[in-house]
Amino acid sequence: DKAGHKHFMAKEIAEQPRVIGEALRHYLGAEGTDIALPDEIDFTKLDRLTMVACGTAFYACLTAKYWFEQIAGMPVEVDVASEFRYREPPISDRTAALFVSQSGETADTLAALRYCQGKADQILSVVNVPESSIARESDVALPILAGVEIGVASTKAFTCQLTVLLLLALEAAKQRGRMTPERLADLTSHMRALPTVLNAALDEDAAMQACATGLAEAQDVLFLGRGLMYPLALEGALKLKEISYIHAEAYASGELKHGPIALIDRNVPVVVFAPRDSLFEKSVSNMQEVMAREGKVLLISDAAGAKDAAADAWKTITMPAIDPVLAPIVYAIPAQLLAYHTAVAKGTDVDQPRNLAKSVTVE
Ligand code: F6R
């Protein structure tokens with residue numbers, strides 16, 4: 001049942017305020033800063049976290065690396081499961097291995113989990129299907145509570161993964177004495193406001209649809225981001241190529257001049273995720289490098305950022321202002337809706353893109 005939407009993907013994008021609200025109620029409750037996690041999760045005895053996943057779930061892990069390192073001071077390694085499993089990486093017994101998977105059945109991720117059994121201190125997983133193989137073979141499986149996801153392109157599972165991973169990072173920061181009670185209270189109250197903020201982001205749908213008309217004519221699209229926006233740029237490019245079949249690549253903005261800038265001309269739209277945070281000025285100078293080569297910049301920022309930088313941009317999408325820590329969850333909405341509307345404009349099969357399967361149970 002698409003609940004009045006044209007596609008399951010549109011329905012699942014629209015569901016995000018509600019399902020994230022439910023995940024927050026489950027893990028955070030209505031007030032206070034206590035995070036409801038099983039007692040076995042003890043970040044004080046760990047030296048590092050190793051996170052492994054595929055595709056969109058991998059980009060959730062990459063985002064979480066920034067969170068764990070910046071918020072909890074915890075070293076994190078992240079890898080795609082297909083590389084990790086055959087690389088035979090040494091795993092110390094002061095490592096927790098964390099696997100992220102919507103389906104809980106991805107063959108490479110499951111094999112990577114089995115590789116870590118008996119080596120890591122603990123096997124954790126963040127899954128949408130609690131009865132799945134990955135959940136069953138973990139020491140602790142944390143549900144993301146996204147509900148059934150039908151669209152092949154992952155949307156609500158991604159933002160629910162991010163929500164649970166951020167809560168885990170906050171718990172790690174708390175246990176390791178890395179965060180003041182005030183900052184923790186601040187961040188948890190910002191998290192409780194996420195459903196409202198996400199609804200405001202969804203309200204920008206018409207602007208995203210208008211931008212998508214332009215993207216639909218492109219052969220190639222580049223996505224740029226810095227810091228927490230870099231993994232999101234990767235996710236935006238993946239969404240676009242999956243469902244619209246437009247060639248899309250993402251780079252860390254600072255990498256632009258190390259090669260990809262050679263691709264820029266007037267035919268290449270460049271989507272820049274740049275909230276007005278501490279890295280904003282750097283992103284603006286990357287935007288200027290693109291525009292100096294006639295590249296078309298689609299800026300996704302907040303009102304403050306749009307005011308400072310939108311003048312020269314080809315198009316601008318304005319997101320609600322948000323604490324920079326939470327930006328990946330909010331900026332996921334334009335990443336998803338740009339891809340969605342571009343695919344709709346091109347007339348592709350949004351929910352069942354060619355060559356893709358919802359659950360990849362073979363390598
Ligand atoms: C992208 C997408 C895939 C999955 C990947 C992992 O939209 O859906 O990249 O994220 O196949 O799947 P799970 O999370 O089920 O392990």
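The values are calculated or read from the model by the stated rules, or taken from the named source; none is laboratory data. Predicted model, so just to flag it, every value in this text is computed and none were measured. Heads up, the Cβs are rebuilt from the backbone with ideal geometry, glycines too, and the neighbour counts pull from every protein chain shown. These accessible areas exclude ligands, DNA and RNA; they are computed on the full protein's heavy atoms, side chains included. Shrake-Rupley method; radii C 1.70, N 1.55, O 1.52, S 1.80 Å.
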Screening 209, 288, 219 for residues that are under 17 Å from residue 337 (Cα atoms) and open to solvent by 10 Å² or more (accessible area, probe 1.4 Å) leaves only 209
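Table: residues versus (1) under 19 Å from the mean Cα position of the chain (by Cα); (2) assigned to a loop (DSSP other than H, G, I, E, B); (3) within 13 Å of the ligand (Cβ to nearest atom).
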position: 93; (1), (2), (3): no, yes, no
position: 99; (1), (2), (3): yes, no, yes
position: 112; (1), (2), (3): no, no, yes
position: 145; (1), (2), (3): yes, yes, no
position: 148; (1), (2), (3): yes, yes, yes
position: 157; (1), (2), (3): yes, no, yes
position: 163; (1), (2), (3): yes, no, no
Can you tell me which residues in the stretch 14-50 are over 30 Å from residue 84 (Cβ atoms) and assigned to a loop (DSSP other than H, G, I, E, B)? 15, 29, 30, 31, 32, 33, 34
Per-region count, the stretch 333-359, residues hydrophobic (A, V, I, L, M, F, W, C) and outside any helix (DSSP H, G or I): 3
Name every residue in the stretch 216-250 that is in a strand (DSSP E or B), within 21 Å of residue 284 (Cα to Cα) and not small (Gly, Ala, Ser), in order of residue number. 221, 222, 223, 224, 249
By residue number, the members of the stretch 339-349 that are touching a Ser or Thr at 6+ places or on another chain (Cβ under 9 Å) and either small (Gly, Ala, Ser) or within 15 Å of the ligand (Cβ to nearest atom) (or both) are 339, 340, 342, 343, 345, 348
Identify the single condition in (1) charged (D, E, K, R); (2) modelled with pLDDT of 95 or more; (3) open to solvent by 60 Å² or more (accessible area, probe 1.4 Å) that residue 242 does not satisfy, given that it satisfies every other one. (3)
Residues to consider are 311, 357; find the one that is surrounded by fewer than 20 Cβ atoms within 10 Å (Cβ to Cβ), in contact (Cβ under 8 Å) with a residue 40 or more places away in the chain and farther than 16 Å from residue 231 by Cα. 357
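For the stretch 249-300, give me the residue count where each residue is among the hydroxyl-bearing types (Ser, Thr, Tyr) and within 25 Å of residue 210 (Cα to Cα). Spell out how you get there, then give the answer.
In the first step, residues of the stretch 249-300 are kept if they are among the hydroxyl-bearing types (Ser, Thr, Tyr); the result is 251, 253, 278, 283, 285.
The next check asks that each one be within 25 Å of residue 210 (Cα to Cα); those that pass are 251, 253, 283.
Number of matching residues: 3.
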Selection from the stretch 151-170 of residues modelled with pLDDT of 95 or more and open to solvent by 10 Å² or more (accessible area, probe 1.4 Å) yields 154
Looking at residue 294 and the list (1) within 15 Å of residue 233 (Cβ to Cβ); (2) at pLDDT below 95, which single condition is not satisfied? (1)
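Open to solvent by less than 30 Å² (accessible area, probe 1.4 Å), touching a residue at least 24 places away in the same chain (Cβ under 8 Å) and not polar (S, T, N, Q): does that describe residue 228?
yes
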Scanning for something in contact (Cβ under 8 Å) with a residue 60 or more places away in the chain, hydroxyl-bearing (Ser, Thr, Tyr) and in contact with a helix residue (DSSP H, G or I) (Cβ under 7 Å, 6 or more places away or on another chain), does the stretch 189-210 turn up at least one residue? no
Answer with yes or no whether residue 273 is of a type outside the set (Val, Ile, Thr), open to solvent by less than 70 Å² (accessible area, probe 1.4 Å), more than 26 Å from residue 79 (Cα to Cα) and more than 16 Å from the ligand (Cβ to nearest atom). no
Using the structure shown, decide if residue 64 is in contact (Cβ under 8 Å) with a residue 60 or more places away in the chain, surrounded by 24 or more Cβ atoms within 10 Å (Cβ to Cβ) and within 16 Å of the ligand (Cβ to nearest atom). yes
Filter the stretch 114-132 down to the residues that are in contact with a Pro (Cβ under 9 Å, 6 or more places away or on another chain) and either assigned to a loop (DSSP other than H, G, I, E, B) or within 13 Å of the ligand (Cβ to nearest atom) (or both) and list them by number. 119, 126, 127, 128, 129, 130
Among the candidates 135, 173, 201, 185, which residue alone is within 14 Å of the ligand (Cβ to nearest atom), modelled with pLDDT of 95 or more and of a type in the set (Gly, Ala, Ser)? 135
Looking only at the stretch 185-200, count how many residues are closer than 19 Å to residue 332 by Cα and either surrounded by fewer than 22 Cβ atoms within 10 Å (Cβ to Cβ) or touching a Leu at 6+ places or on another chain (Cβ under 9 Å) (or both). 11
